[in-house]
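The values are calculated or read from the model by the stated rules, or taken from the named source; none is laboratory data. Just so it is clear, the model here is predicted, and its values are computed rather than measured. We place every Cβ from the backbone using ideal geometry, glycine too, and count neighbours over all the protein chains shown. Only protein heavy atoms, including side chains, enter the accessible area calculation; ligands, DNA and RNA are left aside. Shrake-Rupley method; radii C 1.70, N 1.55, O 1.52, S 1.80 Å.
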Amino acid sequence: MEKKTRKALEEPHGVHILKIQPEYFRAQAEGKKNFEIRENDRNFNVGDELWLREYDPKAEAYTENSLVVKVTYITSYMQQENYVVLGTKLEAFVCSRCHDECEPEETTKLSNGEYICDFCKFILKEDEQQC
Ligand SMILES: [Zn+2]
């Protein structure tokens, strides 16, 4: 799979950049949560990508963590007005350091909560003062 780098906050057609709270980010990252309930203010479609950026409400800031999921299903059944349930499939992690997308199995969770790719992990090993 060709690597993509997500540095800019660009939102190409079919890509939606969304805030996600740490609790739900972790559940998505661990593969336990495969859906999002969202206000449908941006015309979500099956096949779209959600770029989920972890947002820490206490710090009122984004963390370095984000991941990419694909929308597999959409329903508004029994939802509040204008809300939808989006079925999602985890596609990639975005490395906290180099911002490359990588497969979940190519990602390591650091003790500080960052997700980094195996390439950055290798660099960390090389100069250990960062650990
Ligand atoms: Zn990296």
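Checked against the criteria, ASN40 does not count as within 16 Å of the ligand (Cβ to nearest atom), surrounded by 11 or more Cβ atoms within 10 Å (Cβ to Cβ) and touching a residue at least 40 places away in the same chain (Cβ under 8 Å). For residues in the stretch 101-122 being open to solvent by less than 40 Å² (accessible area, probe 1.4 Å) and either in contact with a Leu (Cβ under 7 Å, 6 or more places away or on another chain) or within 21 Å of ASP48 (Cα to Cα) (or both), which is nearest to the ligand (Cβ to nearest atom)? Among those residues, the one meeting the criterion is ILE116. Restricting attention to the stretch 65-101, the residues that are aromatic (Phe, Trp, Tyr) and within 14 Å of TYR115 (Cβ to Cβ) total 1.
Evaluated against (1) within 14 Å of the chain's Cα centre (by Cα); (2) modelled with pLDDT under 90; (3) charged (D, E, K, R), LYS70 falls short on exactly one condition, (2).
Within the stretch 71-83, the set of residues being open to solvent by 80 Å² or more (accessible area, probe 1.4 Å) and part of a loop (DSSP other than H, G, I, E, B) comprises TYR77, MET78, GLN80, GLU81, ASN82. Considering (1) open to solvent by 40 Å² or more (accessible area, probe 1.4 Å); (2) under 15 Å from LYS89 (Cα atoms); (3) in contact with a strand residue (DSSP E or B) (Cβ under 6 Å, 6 or more places away or on another chain); (4) outside any loop (DSSP other than H, G, I, E, B), the lone condition that VAL68 does not fulfil carries the number (1). Remark: pairs (first residue in the stretch 76-88, on the phi > 0 side of the Ramachandran plot; second residue assigned to a strand (DSSP E or B) and among the charged types (D, E, K, R); Cβ separation under 8 Å; 6+ apart in sequence or on different chains) = ASN82/GLU39.
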